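Reviewing the structure listed below.
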Amino acid sequence: MKIGIIGFAGSGKTTLFNALTGQDAPVGIGKNKINLGTIKVPDARLDRLAEIDQPQKTTYIELAFADVPGGRGTRSLDPQTLGRIREMDALVQVIRGFDNGGEPPEPSAECLSFEEELMLADMQVIEKRIERLRKDRSDPTQLGILERCADLLNQDQPLRELALSAEEKLSIAGFALLTLKPLLLVLSLPEDNSAPVVPEPLSRHATDRGLAVMPLCGPIEAEIAALGPDDQQAFLADLGLEEPAAARFIKAAFSLLNLITFFTHGEDECRAWSLRRGSTAVDAAGTIHSDLARGFIRVEVVRFEDFSRLGTEAKCRDSGVLRIEGKNYVIEDGDICHIRFNV
């Protein structure tokens, strides 16, 4: 799963990337290289499973971040940048909230301008496809969906505002429409900002769009990320922060992508897996390996809280908290799963 850090040039994207990943990627306008990095998602529940099982290996969920260059100008996106954004699963737009060489920040205007660029790019893709479908009549269902998309964009509304079923989203997934992707807004603040507050116009725009805004100071967070664990805690305490940006981002990203965590465990490995909320036991099996989904028989499920309290599967079974579920069982956050299969 790749989360793209996007925004206009000079907005503070690379500084945020460094804060999240602990890297030291060079900052500045004019770069054309995508910076890539991953972070492990800490989970006290997985730590507890490892404490009980003492496995050879403990594997955490990882989130991948891509720092996408902002294009040639400070208020425009070129085709190469738009193409790179299309490759992302979810987007984090960084908005400049600091003075830049005497140019004061305009967070709300910058957010609107960036959104307009993405909507225009989507409209160009959609109109081209609609024109072709109207000529050859090859897929009337897709044509109807795209016409609804075009109508919404003509009303200056991003496509994530459109109510689409899972099947309808799958029908147009190949177009990688930009304003259909999950989006989180980040307001990048100056170091001397002691009270991180989101300006009212930006807050109102985000509310209207159903988006969350996270204010943070990129340079300070990048400095925190480069410290060791003990120094991090001391620095955070001095600043009055409970956790670094990476931890706050993990929570926001899971909410943004509508993800839950389930677990597998044993003497060889204890592992956390991410899964879309509402997914079934077969989906979870396929996340682990395609063979498990293909030969799925049943899943043995126990809640983490019960296993942590009782300590073994045998005790969970004797206590009646270990359940046998079929392929349509909806996985819940914190489920510990043992997939039975045959291929």
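The values are calculated or read from the model by the stated rules, or taken from the named source; none is laboratory data. Here the structure is a predicted model, which is why all the values come from computation and not from measurement. We place every Cβ from the backbone using ideal geometry, glycine too, and count neighbours over all the protein chains shown.
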(message) Taking the conditions exactly as written (in contact (Cβ under 8 Å) with a residue 24 or more places away in the chain and not aromatic (Phe, Trp, Tyr)), does ASP99 satisfy them or not?
(response) yes
GLY286 vs (1) assigned by TED's automatic domain parsing to the domain that holds GLN93; (2) in contact with a helix residue (DSSP H, G or I) (Cβ under 7 Å, 6 or more places away or on another chain); (3) of a type outside the set (Phe, Trp, Tyr): all pass except (1)
Per the filter on the stretch 164-183, residues within 16 Å of the chain's Cα centre (by Cα) and assigned to a helix (DSSP H, G or I) are LEU178, THR179, LEU180
Those residues of the stretch 207-221 that are under 30 Å from LEU159 (Cβ atoms) and in a helix (DSSP H, G or I) come to a total of 4
Note on the stretch 296-316: residues surrounded by 14 or more Cβ atoms within 10 Å (Cβ to Cβ), modelled with pLDDT of 95 or more and outside any strand (DSSP E or B) are PHE304, ASP306, PHE307, SER308, LEU310, LYS315, CYS316
Taking the stretch 254-267 and keeping residues of a type outside the set (Ser, Thr, Tyr) and either in contact with a Leu (Cβ under 6 Å, 6 or more places away or on another chain) or modelled with pLDDT of 95 or more (or both) leaves LEU256, ILE260, PHE262, PHE263, HIS265
Here, helices (runs of 4 or more DSSP H) confined to the stretch 1-114 with at least 2 residues that are crowded, with 21+ Cβ neighbours inside 10 Å and polar (S, T, N, Q) are 13-21
Just one listed residue, out of ILE260, ILE250, ILE224, is under 23 Å from the mean Cα position of the chain (by Cα), in contact (Cβ under 8 Å) with a residue 24 or more places away in the chain and either closer than 30 Å to ILE130 by Cβ or not in a helix (DSSP H, G or I) (or both), and it is ILE260
Across (1) within 29 Å of ALA25 (Cα to Cα); (2) surrounded by fewer than 16 Cβ atoms within 10 Å (Cβ to Cβ), LEU257 clears everything bar (2)
Handout entry: Qualifying residue in the stretch 57-71 (condition: farther than 25 Å from ARG248 by Cα and acidic (Asp, Glu))
Key = no
Of the listed residues (ARG204, ARG160, ARG148), the one being exposed (fewer than 13 other Cβ atoms within 10 Å of the Cβ), assigned to a helix (DSSP H, G or I) and in the same structural domain as THR14 (by TED's automatic domain parsing) is ARG204
Of the residues in the stretch 8-39, those that are more than 14 Å from GLY218 (Cα to Cα) and under 17 Å from the mean Cα position of the chain (by Cα) come to ASN35, LEU36, GLY37, THR38, ILE39
If you go through the stretch 168-180 one residue at a time, do you hit one that is of a type outside the set (S, T, N, Q), crowded, with 17+ Cβ neighbours inside 10 Å, at pLDDT 85 or above and over 29 Å from ARG276 (Cα atoms)? no
